[in-house]
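Only one structure is covered here, and it is reproduced in the block below.
The values are calculated or read from the model by the stated rules, or taken from the named source; none is laboratory data. Since the structure is predicted, the reported quantities are computational estimates derived from the model, not experimental observations. For neighbour counting, all protein chains shown are included, and Cβ atoms are generated from backbone atoms with ideal geometry for every residue, glycine included. Only protein heavy atoms, including side chains, enter the accessible area calculation; ligands, DNA and RNA are left aside. Shrake-Rupley method; radii C 1.70, N 1.55, O 1.52, S 1.80 Å.
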Amino acid sequence: MISADDYVLQLIQDQGVITPEAAQEACAVVQAGGSSEATLHTDALARLVAQGVLSWQDITDALAREFDLETINLDEVRPSLETLDFLGRELAERTQIFPLQQHSSELEVAVADPLNTEVVDEISRLLKTTLTIRLATPEAIKKAIEFHYASASEDGKSSMFDSISDGDLKLELPTNETKAEDAPIIRYVNLLITEAIKRRASDIHLEPLEKRFRVRYRIDGVLHEVENPPKRLQASIISRLKLMAEVSLAEKRIPQDGRIQVKSTGKEIDLRVSVLPTVYGESIVMRILDKEGLRLGLPELGFFSDDQTNFQNLVTMADGIFLVTGPTGSGKSTTLYAALNYINKPDRKIITVEDPVEYQMIGINQVQVRREVGMTFAAALRSMLRQAPNIIMIGEIRDLETAEIAVNASLTGHMVFSTLHTNDAPSAVTRLVDIGVKPFLVSASLRGALAQRLVRRICPNCAKPYEPTHKELHSIGAAAQELDGANFMKGAGCSKCNNIGYKGRRGIFEMFVVGEELQAMIYNGATLVELRRKCRELGMRSMREDGIRKIAAGVTTVEEVLNATVSIIE
C-alpha cells in the first residue's frame, strides 16, 4: 500500500479516476465491516481494487501525473548484475524498491510509493548516491525483485550449514529487517558467522579469486577452508557484510574498516571488519572479538607456577615499565588484558590508550586513538597523566614521543604496561634504545619484559599417550634430564576438536626480569648478545625451553613448538 492512503483516495477522486460516490460507498462498507480509523482508507482502496473499480496501475498513473514522474514497465527492464548488487536483495526486499540503472553518482530506481521519502533518503544515505525515481505498481516491483534476484534464492544457503537450524541463530541485526530474515543471502551470512563462533574461529576470511569465492576460518592460529559459496553470489554476500558493518556500499576503490555487533548463544560478540579491494573483488576479513573469552585468569594463559609468580610480581610493582613482546598474533594484547584483570581493584585507577579499543573492560577507563582529530598515543598519554592514574596501559610503543612519555610516567610513580614487536624478551631493551630512549632512562624505568608465542593445545577429549621419535626430540634440542617422567601426548581427533587433534592455544614464554646486574649493563650500553648471555646465567628460560616443558607435560606437541620458536645459539 501507499504510505498516505487518505491522500491517494482523495487524489484519484480529484483526477476523476473514480467518483466521490464510489469512494464514499467503499469507505462505508469497510467501516461497517470493522475497519478502524487508522486503516479505513487503506481498506477502502483495497476494496475498490478487488471490485475492479480501479487498478493499481490507475493509482500509479495518478501519482505520476501529480508528481510529474515517469512510469516504467518492469517487464521490459533488464538491469545489469552490477546494478542489482549495488542495491542488494536485502534492501530491495525490505524497501520494495527495484534498481533499474546505475550511473556514476546516480541510481535509477522504481518505487510504488513516492510519498515515502524517508525510505528514499535512507537508501541514498546508505549508498552515498543520488536516486532518480520512476513509478511502478507494487505487484510489478515485487515480481521484478523475485525474478531478477532469483539466482540468489536458489543457492544462497551452503550445505556446510545444514546442521544448524535457524532457531540456533540469535544475531542482533539492523532494525526493520524482520521480513528480510528469510532471504537466502542474509541467512547464509548469519550462519557463516554463527558457524565461525561455534568452531571458536578468531577470523573469517572471504577472498575473491579468479574463478571462485574462497571462505576460510582461522582456528587456533591455522586457516581452514570451508565450503565455498558460488562465485556469482560474491557481490551479494560482500554487500550484505558491508551493510552490516555500516561502511559505504558504493565505495569499492579504497580500504574500509567497520564493526558488527552480534549476539550468539547468549554471548555478545564484536566483529572487526576490514574491507580491501583486490583484483577480483573486495576481500573481507572479520576478526571475532569474544568479550567473555577475554576474562582469562593467569593459569589459562599457559604459565607454569614459577613463571606465573614472576609475572604476578612484575605486574603488581608500584612503578616502572613492563613490556610484552612478540609478532602480530602472538597473544600480546590478551596477556596484557589478563594482567589488567588481575590487578583491577577498587583502590586503583587504570587508564588505557588503544588503537583500537577491542574489548570494553569493567572498571577501567579506556581511550580510543583518533589520529584524524589529533588524538594520538602521545596526546592521549599527556592528558591521561593529568587524570592521576596508578596504572597506564599503552596499546603499543611505536615512536620516540610515546616512549619518552611512557618512561617519564614510570619515573614519576606510575606503572606502565605496553607491547613491542621484538623476537625475544631482552631485545625490548635494544628496541627502546633504537627508538631513541637513552640507555640510562631504560635502565631506570624497565622492570621486565615477557616474550611469547602461541602453540596449539592438545585436545583433552581425544589426547592419547604418544612416544616421540629420537629425531623429533633431537630437533628441539631436548636434554634427557628435561624429559624424565615426561607425559607425551597427541590428539587423535574427535568431534569436539573437529578432528584436528588440537583445541585452544596456550602461550610459551621467555621472562626477562631486570635486576641490579642487568640495570648496570643496560646503563653502560651492553649489547643484545651480552644481555642475553647474562640473562641465561641468571636463569632465564628461552621460549624453546618453555615449549619443551609443555611438551613433557602433555600440553602440546613437538611440531607446534618447532613451528613457533627458533633455537638460540649460546
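Points worth noting:
- Qualifying residue in the range 340-358 (condition: of a type in the set (Val, Ile, Thr) and within 15 Å of the chain's Cα centre (by Cα)): yes
- Taking the range 23-53 as the range and being touching a helix residue (DSSP H, G or I) at 6+ places or on another chain (Cβ under 7 Å), open to solvent by 20 Å² or more (accessible area, probe 1.4 Å) and among the small types (Gly, Ala, Ser) as the test, only Ser35 passes.
- Thr83 being closer than 30 Å to Thr129 by Cα and part of a helix (DSSP H, G or I): yes
- Check on Ala425, outside any strand (DSSP E or B), among the hydrophobic types (A, V, I, L, M, F, W, C) and within 33 Å of the chain's Cα centre (by Cα): yes
- Meets criteria (modelled with pLDDT of 85 or more and either surrounded by 15 or more Cβ atoms within 10 Å (Cβ to Cβ) or touching a Gly at 6+ places or on another chain (Cβ under 6 Å) (or both)) for Val315: yes
- Some residue of the range 6-18 being open to solvent by 40 Å² or more (accessible area, probe 1.4 Å) and in contact (Cβ under 8 Å) with a residue 60 or more places away in the chain: yes
- Single condition Val353 does not satisfy, out of (1) open to solvent by less than 50 Å² (accessible area, probe 1.4 Å); (2) under 21 Å from Val455 (Cα atoms): (2)
- Criterion (at pLDDT 95 or above, part of a strand (DSSP E or B) and among the hydrophobic types (A, V, I, L, M, F, W, C)) met by exactly one of Ala449, Ala520: Ala449
- Every pair of residues 6+ apart whose Cβ atoms lie under 7 Å, when the first sits in the range 318-340 and is farther than 15 Å from Ile394 by Cα while the second is in a helix (DSSP H, G or I) and open to solvent by 10 Å² or more (accessible area, probe 1.4 Å): Gly326/Lys332
- Taken over the range 377-395, the criterion of being open to solvent by 40 Å² or more (accessible area, probe 1.4 Å), outside any helix (DSSP H, G or I) and touching a residue at least 24 places away in the same chain (Cβ under 8 Å) is satisfied by Gln387, Ala388, Asn390.
- Filter result (open to solvent by less than 80 Å² (accessible area, probe 1.4 Å) and free of Cβ contacts under 8 Å to residues at least 60 places away in the same chain) within the range 492-520: Ala492, Gly493, Cys494, Cys497, Gly501, Gly515, Leu518
- Any hit, the range 441-450, residues being touching a Leu at 6+ places or on another chain (Cβ under 6 Å), surrounded by fewer than 22 Cβ atoms within 10 Å (Cβ to Cβ) and without any contact (Cβ under 8 Å) to a residue 60 or more places away in the chain: no
- Scanning the range 396-412 for residues being closer than 12 Å to Ala378 by Cβ, open to solvent by 10 Å² or more (accessible area, probe 1.4 Å) and polar (S, T, N, Q) gives a total of 1.
- Only residues that are surrounded by fewer than 17 Cβ atoms within 10 Å (Cβ to Cβ) and either farther than 16 Å from Ala250 by Cα or at pLDDT below 90 (or both) were counted in the range 271-281, giving 2.
- Across the range 318-350, the number of residues qualifying as in contact with a strand residue (DSSP E or B) (Cβ under 8 Å, 6 or more places away or on another chain) and either at positive phi or open to solvent by less than 10 Å² (accessible area, probe 1.4 Å) (or both) comes to 16.
- Those residues of the range 54-76 which are crowded, with 16+ Cβ neighbours inside 10 Å, within 46 Å of the chain's Cα centre (by Cα) and not in a helix (DSSP H, G or I), in sequence order: Leu69, Thr71, Ile72
- When Gly554, Gly547, Gly539 are screened for being part of a loop (DSSP other than H, G, I, E, B), within 22 Å of Thr309 (Cα to Cα) and either touching a residue at least 12 places away in the same chain (Cβ under 8 Å) or in contact with a helix residue (DSSP H, G or I) (Cβ under 9 Å, 6 or more places away or on another chain) (or both), only Gly554 passes.
- Among the residues listed as Gly320, Gly326, Gly331, the single one being farther than 28 Å from Lys231 by Cα, at pLDDT below 90 and not charged (D, E, K, R): Gly331
- Residue tally, condition at negative phi, open to solvent by less than 60 Å² (accessible area, probe 1.4 Å) and in contact (Cβ under 8 Å) with a residue 40 or more places away in the chain, over the range 77-89: 7
- Test: Arg456 is among the basic types (Lys, Arg) and open to solvent by 50 Å² or more (accessible area, probe 1.4 Å): no
- When Leu473 is tested against (1) open to solvent by 50 Å² or more (accessible area, probe 1.4 Å); (2) in a helix (DSSP H, G or I), just one condition goes unmet, and that condition is (1).
- Yes/no for Asp434 being open to solvent by 50 Å² or more (accessible area, probe 1.4 Å), modelled with pLDDT of 90 or more and of a type in the set (Asp, Glu): yes
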